[in-house]
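**Student:** Let me begin by handing over the structure; questions about it come next.
The values are calculated or read from the model by the stated rules, or taken from the named source; none is laboratory data. All of these numbers come straight from a predicted model, not from anything done at the bench. Note that each Cβ is placed from the backbone with ideal geometry, even for glycine, and that neighbours are counted across all protein chains shown. For the accessible areas, the whole protein counts, side chains as well, though only heavy atoms, and no ligand, DNA or RNA atoms are used. Shrake-Rupley method; radii C 1.70, N 1.55, O 1.52, S 1.80 Å.
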Amino acid sequence: SSGINAEYGGGRQFCPAHPNVPLVEDYRAGDTVCPECGLVVGDRVIDVGSEWRTFADDTGDDPSRVGAAENPLLSGDLTTSIQSTGNNYEMQRLSNRILSSGNDRALVQAFSEIRLMANRLHASQAIVDRANTLFKNMTDTKALRGRSTEANCAACLYIACNQEGATRTFKEICAVCTVSKKQIGKSFKLILRALNTSVEIIKTGDFMSRFCSNLELEHKAQIIATAVARQAVDLDIVAGKVPVTVAAAAIYFTCLAMDIDKSAKEIGDVAGVAETTIKQTFRAMYPSRDKLFPPDFVPKVSLDSITGTK
């Protein structure tokens, strides 16, 4: 016998031959069985027991569970929709009851997008959690309705990286998604306006350590380049230039002064800045060369002889 013979009465399952006998749930087999005749009245019962044996001398909580871990950012559990057939009212009612909300499905899709982009950036779990929370808050405010989900996710990830001290540029975020910098920028501005928050001003020093490390430069070169970039900003030599460009140009200038074999193209590939942009910024710095480097810095190449053609 099988569950095909099951009958429903007022929403209750019972054995046709023994309608008044309480049924027994066999969790191991996943069946609901009549204890009198052994008829399988219903099947596919969820086993709520442990996935492994728990012994008497074990310590800690019993790891019994059903389903995935609960996400506090979701309003309910996500489940699989059941396709009902015929006039089976009970199955239709069950299916309608366990369907997850559309909002939760949208959030799970967004969290998956954020996770994918974060993995490509090698971002930490703290950044992912902050980006997820930010996206959930924006969903609640409905301020980003109608905009690209991927652009919204990218903007949330950009802000989360900044707030967690792992600053990334818009170009770096663009490199791990399929939306444009302009789209991400629009979502970014809407988020700041909707949440009445701000993001700390990105400084050249936020990139210097990572860029120098990727270029395999010695620590001394990083210190000098950081000083050059800071002085260029303080002297208002690079007004209108974004911090990542100033950082790249300062590294280029430092490499020239220390006779380190790094071209503007190599630096640009790491920093995500065009070679011509780096050289233009360098040329803006060059007239103030005596004021940019620390007083105790001794260049290996005379600053007056640097041409910036490399």
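**Student:** Looking at (1) charged (D, E, K, R); (2) modelled with pLDDT of 90 or more; (3) surrounded by fewer than 18 Cβ atoms within 10 Å (Cβ to Cβ); (4) closer than 16 Å to Ile173 by Cβ, can you tell me which one Arg147 breaks?
**Tutor:** (2)
**Student:** Are there any pairs with C-beta distances below 7 angstrom linking a residue in segment 201-225 that is open to solvent by 80 Å² or more (accessible area, probe 1.4 Å) to a residue that is not hydrophobic (A, V, I, L, M, F, W, C), with the two at least 6 apart or on different chains, and if so which?
**Tutor:** Here the result reads Lys203/Pro243, each pair linking segment 201-225 to a residue that is not hydrophobic (A, V, I, L, M, F, W, C).
**Student:** Ok, one more. Within segment 234-285, how many residues turn out to be surrounded by fewer than 18 Cβ atoms within 10 Å (Cβ to Cβ) and more than 35 Å from the chain's Cα centre (by Cα)?
**Tutor:** 7
**Student:** Given the criteria modelled with pLDDT of 85 or more and not hydroxyl-bearing (Ser, Thr, Tyr), does Lys182 qualify? Working first, answer last.
**Tutor:** Numbers: modelled with pLDDT of 85 or more: yes; not hydroxyl-bearing (Ser, Thr, Tyr): yes.
So Lys182 fits the description; yes.
**Student:** Do we find a residue being open to solvent by less than 30 Å² (accessible area, probe 1.4 Å), free of Cβ contacts under 8 Å to residues at least 60 places away in the same chain and among the hydroxyl-bearing types (Ser, Thr, Tyr) anywhere in segment 154-165?
**Tutor:** Taking segment 154-165 first, the residues open to solvent by less than 30 Å² (accessible area, probe 1.4 Å) are 154-162.
Next, from what is left, pick out any that are free of Cβ contacts under 8 Å to residues at least 60 places away in the same chain: 154-162.
Pick out the ones that are also among the hydroxyl-bearing types (Ser, Thr, Tyr) and you get 158.
Yes.
**Student:** Further, regarding this structure: Please enumerate the residues belonging to segment 158-172 that are under 13 Å from Phe188 (Cβ atoms) and assigned to a loop (DSSP other than H, G, I, E, B).
**Tutor:** Arg168, Thr169, listed by residue number.
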